[in-house]
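One structure is given below, encoded as structure tokens.
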Amino acid sequence: MYPETTGHAPAVRAVEVHHPTPITPQTVPVAAPLVAVQPHAVPAVASVVLPDGRVVTGYAIEPAKPEPVAAKPAVSRAAVNVALGGVGFLAVCGGLLLLTTFIAALTALITQLIILAAVIFGGWIAVQVFTASGHKGGTTVNIRRAVIKRNHFHS
């Protein structure tokens, strides 16, 4: 399952590094006419001999330089603090407004429930009063006579 451990060190490979050898530019014979060239108009040609004997000739390429980024104006720390304070103040005011609205709605709900209970209870009492006075078929107890009977006062 696991590879067996061996007592020898891993194989070391020899690494060969090749450095290109530049060719020295050839001198131009004096008899040839000289041509005036504006400086930096034509880049210099460079030739390099590779380790395998090939010669590579080409222009030196300068790395592309990125355009400088326009500096952003610095924002004052005080301005940032004032802006954040304003946002926080607005958030607190909005929260208090919502809390006040919630309390007002809860108060209105409780008031309506109390009124509903009063109407229902008042209606029940009204039904009891009007039903008892309008209907005479119930048992009537004479409290005076009952008290006298209980205390054994007979008349």
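The values are calculated or read from the model by the stated rules, or taken from the named source; none is laboratory data. No experiment lies behind these values; they were computed from the predicted model shown. FYI the Cβ positions are ideal-geometry reconstructions off the backbone, even for glycines, and counts take in every protein chain you see. Protein only, heavy atoms only, side chains kept; ligands, DNA and RNA dropped before computing areas. Shrake-Rupley method; radii C 1.70, N 1.55, O 1.52, S 1.80 Å.
I want to confirm something. Restricting to the stretch 47-67 and keeping residues that are open to solvent by less than 90 Å² (accessible area, probe 1.4 Å) and over 12 Å from Thr21 (Cβ atoms), which single residue is modelled with the lowest pLDDT? Explain how you work it out, then say what you get.
Within the stretch 47-67, the subset open to solvent by less than 90 Å² (accessible area, probe 1.4 Å) is 47-51, 53, 55-58, 60.
Right, trim to over 12 Å from Thr21 (Cβ atoms) and you get 57-58, 60.
Values: Thr57: 80, Gly58: 77, Ala60: 67.
Once the filter is applied, the top-ranked residue is Ala60.
Exactly one residue out of Ala78, Ala105, Ala83 is at pLDDT 95 or above and open to solvent by less than 70 Å² (accessible area, probe 1.4 Å), and it is Ala105.
Do you know which of the residues in the stretch 120-141 that are of a type in the set (A, V, I, L, M, F, W, C) and open to solvent by 100 Å² or more (accessible area, probe 1.4 Å) is modelled with the lowest pLDDT? Outline the logic, then answer.
Step one: filter the stretch 120-141 for residues of a type in the set (A, V, I, L, M, F, W, C), giving 120-121, 124-127, 129-130, 132, 141.
Filter again for open to solvent by 100 Å² or more (accessible area, probe 1.4 Å), leaving 120-121, 124, 130, 141.
Details: Ile120: 94, Phe121: 93, Trp124: 89, Phe130: 80, Val141: 58.
Here the residue is Val141.
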